[in-house]
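Report on one structure; see the data block that follows.
The values are calculated or read from the model by the stated rules, or taken from the named source; none is laboratory data. If you're wondering where the values come from, they're calculated on a predicted model, not measured in any experiment. Counting neighbours? That spans all protein chains shown, and the Cβs are built from the backbone with ideal geometry, glycine included. Heavy atoms of the whole protein, side chains included, go into the accessibility calculation; ligands, DNA and RNA do not. Shrake-Rupley method; radii C 1.70, N 1.55, O 1.52, S 1.80 Å.
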Amino acid sequence: MTESSTGKARRRSSRVSQQLERARQRNAEQLVEQRAREQRVETALRQYVEAGETIAAEHARCEEKVAVYQRKIDKLRADSQEKVADQHTRQAQAALSLHEGGGRTVEQVAELLELDSEKQARRLIATGREAVAPTTDTESSPDDGQREESRLRQEAPSANATSVDGSGEQAERVGDVGQQHRAQTGLLPAPTTHDDEQGT
C-alpha cells in the first residue's frame, strides 16, 4: 500500500470515527431528553393521582359536615311543620266557631276568611270539627243499660202529669216511652187485673 493510500484510509477512518461520535452524542442527548420526558410523565401521573385522593378526602370531609348540618336542618323543619300544623288547627277551630258559634253560613265563612271557595271553607270547618271532637269508645260497657234507663226516667215527666188542657196526652207519651224502654231492655210488664179479666 502506498503512502497516499494510507493517508486516505486514515482520513476516511477519522471521518467515520467523528461521524460515529457525533451520532453517539446525538443518541445520548436523545436518551437524556427521553428520560426527562418519562420523568415528566411520571411526575404528572403522580400529581394527578395525589390530587384525586385529595379531592376524594375533601368530598368525604364535606359530606360529613353537611350531614351534621342536614340533621339540624331536618329538625328545624320538623319543629316548624309541627308549629305550623298547630296553627292550622287553630284556624280550623276558628272557622268552626264562626260557622257553629257565630251562626255564619259556609259561604259567609269563606268570605270572612277570604278563602278561595266554599269547598275550602267546608273542608276547614270539617277539620275544626275533627279537632274538637272527643275520642269515644265504641265498645259498650255493662252499665250502658242502666245509664240509658236512668236517662229515660229523667227525660220522661211524671206519669200523673197531664197536658195544660187536661187531655192526658202527656201521660200517654210517658207510657209510650216506658213501652219503648221495655222493648229495648227485654223486660215484660207485670200482668194486671184488667189483663186477667180479658184473658178469661
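Taking the range 94-111 as the region of interest, how many residues are open to solvent by 50 Å² or more (accessible area, probe 1.4 Å) and not in a helix (DSSP H, G or I)?
Final tally of qualifying residues: 3.
Would you please name the residue that is farthest from the chain's Cα centre (by Cα), looking only at residues in the range 37-93 that are of a type in the set (S, T, N, Q) and over 30 Å from GLU114 (Cβ atoms)?
Restricting to residues being of a type in the set (S, T, N, Q) and over 30 Å from GLU114 (Cβ atoms), the top hit is GLN39.
Mind listing just one residue for me: the one in the range 42-88 that is open to solvent by 90 Å² or more (accessible area, probe 1.4 Å) and among the aliphatic types (A, V, I, L, M) and, of those, nearest to VAL109 (Cα to Cα)?
That would be LEU76.
Just to be sure I understand the filter: pairs with C-beta atoms under 7 Å, separated by 6 or more residues or on different chains, first member in the range 109-122 and within 15 Å of GLN91 (Cα to Cα), second member among the small types (Gly, Ala, Ser) and assigned to a loop (DSSP other than H, G, I, E, B). Which pairs pass?
ALA110/SER117
Output the number of the condition that ALA131 fails; it satisfies all remaining conditions of (1) in a helix (DSSP H, G or I); (2) out of contact with any Ser or Thr (no Cβ under 6 Å at 6 or more places or on another chain); (3) at pLDDT 50 or above.
(2)
Could we say that GLN91 is open to solvent by less than 80 Å² (accessible area, probe 1.4 Å), touching a helix residue (DSSP H, G or I) at 6+ places or on another chain (Cβ under 9 Å) and at pLDDT below 95 here?
In short, no.
Looking at (1) under 17 Å from VAL132 (Cβ atoms); (2) surrounded by fewer than 10 Cβ atoms within 10 Å (Cβ to Cβ), can you tell me which one GLU114 breaks?
(1)
So, GLN87, is that one of a type outside the set (A, V, I, L, M) and either under 26 Å from THR127 (Cα atoms) or outside any helix (DSSP H, G or I) (or both) or not?
yes
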